[in-house]
Amino acid sequence: MKHESQALFPIVQGGIHPQLRRDAARAIRGMHDWPGIAIGGLSVGESKPDMYAMLELLHPELPYERPRYLMGVGFPEDLIEGVRRGVDLFDCVAPTRMGRNGTAFTSAGRLNIKRAEYRTDDRPLDESCDCAACSRFSRGYLRHLYISDEILGLRLLSLHNVHFLVSLMRGARNAITADAFDSWASEWLQRLASAPESQT
Ligand SMILES: [Zn+2]
């Protein structure tokens, strides 16, 4: 049965075994001219260098003109590293799960709203963000909502985190179009890694 309105992406598996990954990619490509190809079985506990190595190995194996979807990856630095290795699409629970745990992604790294230092902080979560949470509410108020178990606090942090990632990927797209992705990526990775709360 043919579904014109839906795009079926097969999933390349193979863990962190180079030969299995290569075999899976080639077998899948041999079956059909797929509208896109997903990469599964990564971001499941392996080291980041192992994940990056698999993406690099798959880069020449996947069709250049079709989107590649890396499943289950959603931290800012991983998105940038993924795009750097040819990935086009992502999905992940990270922005909403982190939001529910009181953590916000920001352009200065992760911010844990539970910390006492934000109690009377009038600044938004991220001064460069134009989301509904940052344009209306202070860190102090968001912390108050979180500490008071008000569900709105979790929703606002989740909303900010999703908005942050979408904006980050818009920035990546603009940098690629301007042929400036490498410097854009290095700058962002440095910023995210140097942040004091980046390990939160
Ligand atoms: Zn925001």
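The values are calculated or read from the model by the stated rules, or taken from the named source; none is laboratory data. Being a predicted model, the structure only gives us computed values, none of them experimental. Using ideal geometry, Cβ is built from the backbone for each residue, glycine included, and neighbour counts are taken over all protein chains shown. Side chains included, ligands, DNA and RNA excluded: accessible areas come from the protein's heavy atoms. Shrake-Rupley method; radii C 1.70, N 1.55, O 1.52, S 1.80 Å.
Tabulated data for the structure shown
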| read-out | value |
| --- | --- |
| Protein accessible area in region 1-121, 1.4 Å probe - carbon and sulfur % | 53 percent |
| Net charge, Pro60 excluded, C-beta distance under 14 Å - Lys, Arg +1, Asp, Glu -1 | +4 |
| Surrounding net charge for Ile37, when Lys and Arg each add one and Asp and Glu each subtract one, Cβ distance under 13 Å | +1 |
| Farthest positive-ward along the chain dipole, Cα basis, beta-carbon charges - from Ile151, Gly109, Ala7 | Ile151 |
| Those chymotrypsin sites (Phe, Trp or Tyr not before Pro) in region 21-73 that DSSP places in a loop and that have at most 12 other beta carbons within 10 Å | Tyr64 |
| Anisotropy class of region 67-167 from Cα gyration tensor, a/c 1.5 cut | prolate |
| Per residue accessible area in Å² of region 1-81, where ligands, DNA and RNA are left out and the probe is 1.4 Å | 56 Å² |
| Thr120 - accessible surface, heavy atoms, 1.4 Å probe, Å² rounded to 10 | 110 Å² |
| Principal axis box of the chain, alpha-carbon based, largest edge first, Å | 59, 40, 33 |
